[in-house]
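Reading through the structure tokens given below for one structure.
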Amino acid sequence: MKNAENAPNFYQIDNKIEYMQSRDGVIILPSILAWEKFKWTHEYFNKKPKQGFFLWIKKPISQRLNTLIEISSKNIFQEMSNLIIIEKGLNAELSSFCRSTREIKGKHFAKAKIVIRENSTLEFLQCNSWRKEDEFRANYEFFLDKKAKLRTTVTNQSNGSKIVTREDIYLKEKKSSADVRIKMVAKQGGTFFSESYMHGENEIRGHLECSGLILDNKSKITSIPGIICDSNKAELTHEASIGKISEEKLMYLRMRGLSEKKATELIINSFLNS
């Protein structure tokens, strides 16, 4: 974290903020300070936040923004409340990572609201990776104004952890659109309960795709994708699939000299990045 150019714009480990980096046109604050400084944020936070980050993109930016939240110590409970605002007519790219660095039975609960103003575009990557006996709960809400666009991929890896997530994408303004992909990998007895809903009104377009891989008989994925449409002008579609690693793909890679472990890792990475 010593090189500011390579560091995340917001980095928290356990319950301590280690690093924050704002830049021209971008305000990044702990959520509690944003609550105190900007009263209009109360509409989104609902109550005074305990932890989390506030990211306000006010001017054009050329680089991707990054956040990183980690748990590395025992008996840590993170209760995050995050708010992201992209102002009118801007294009933004954001990557957000949450994970445990070792097996310490961490708990990470997160609520995030992402607001995309009129004629703006957000490309958003959310990656979560949790270890044995960790507990991860997250609720993401996306609000799109007129002609706003969202392209997002949310990847969750449960290595023996318990993961409960929900995503709500609200497309209520004319000509807003969203392409949302939820990906899950469960192994070592990991469990998922995932709900994802796309809400459509007016003349909008949206696609929701939920897919999962189960790597052993002790793991479980429950995936509930839904589309809620209140207009005959809206176009909403969804897909859902849960399966195992293809034996054919695994054999193909093994025949080319990869170990079973390396071949499995390659297939998982391809699944998460596709």
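Of the solvent-accessible surface of the chain, computed with a 1.4 Å probe and all protein chains present, 46% belongs to carbon and sulfur. Measuring only protein heavy atoms, the 1.4 Å probe finds residue 20 accessible over about 80 Å².
Annotation: region 97-243 has a Kirkwood hydrodynamic radius of 15.6 angstrom, from the mean reciprocal C-alpha pair distance.
For the pair residue 228 and residue 175, label points projected 7 Å from Cα toward Cβ lie 2.7 nm apart. Result for the chain in a Gaussian network model with C-alpha springs under 10 Å: among 69, 17, 228, the largest mean-square fluctuation is at 228. For the pair region 252-273 / region 25-59, the C-alpha centres are spaced 42 Å from each other. If you run the Gaussian network model on the chain, springs between alpha carbon atoms under 10 Å, then out of 29, 250, 150 the most flexible one is 250. Excluding residues fewer than 8 places away in the same chain, name every one of the aspartates and glutamates whose C-alpha is closer than 19 Å to that of residue 48. List returned: 36, 79, 141.
Shape analysis of the chain places it in the oblate category; the axes a ≥ b ≥ c from the Cα gyration tensor give an a/c of at least 1.5, with a/b not above b/c.
Descending by average beta-carbon neighbour count within 10 Å, the peptides 59-68, 79-88 line up as 79-88, 59-68, the highest first. Straight-line reach from residue 183: taking Cα to Cα under 18 Å and skipping same-chain neighbours fewer than 8 places apart, the lysines in range are 162, 220, 244.
In the chain, helical runs assigned H by DSSP with n ≥ 4 each contribute -39500 (n - 2.57); averaged across all residues and rounded to the nearest 500, the mean residue ellipticity at 222 nm is -3500 deg cm²/dmol. When the C-alpha to C-alpha distance is required to be over 23 Å, the pairs from 50/113; 16/111; 58/113; 50/187; 39/88; 132/262 that qualify are 50/187. Averaging the Cα positions of each part gives two centres, and for region 81-99 and region 118-153 these lie 8 Å apart.
Across region 78-83, coupling constants 3J(HN,Hα) worked out from phi with the 6.51/-1.76/1.60 Karplus curve, θ = phi - 60°, read 9, 10, 8, 10, 10, 9 Hz, and Gly and Pro carry x.
Counting only protein heavy atoms and a 1.4 Å probe, region 1-99 has 53 square angstrom of accessible area per residue.
The Rg/Rh ratio for region 42-96, using Cα coordinates for both the radius of gyration and the Kirkwood hydrodynamic radius, is 1.05. The modelled label-to-label distance between residue 274 and residue 245, using points 7 Å beyond Cα along the C-beta direction, is 1.4 nm.
On the beta carbon distance between residue 40 and residue 146, with R0 = 25 Å, the FRET formula returns roughly 0.80.
Here the chain carries DSSP beta bridges of which approximately 10% are antiparallel, counting only pairs with both residues inside. Note: relative contact order over the chain, using C-alpha pairs below 8 Å and six or more positions apart, is 11 percent.
Taking all protein chains into account, the per residue accessible area for region 217-257 stands at 80 Å² (1.4 Å probe).
The values are calculated or read from the model by the stated rules, or taken from the named source; none is laboratory data. None of these values were measured; they are calculated from a predicted model. Cβ sites come from the backbone with ideal geometry, for glycine too, and all protein chains shown count toward neighbours. For the accessible areas, the whole protein counts, side chains as well, though only heavy atoms, and no ligand, DNA or RNA atoms are used. Shrake-Rupley method; radii C 1.70, N 1.55, O 1.52, S 1.80 Å.
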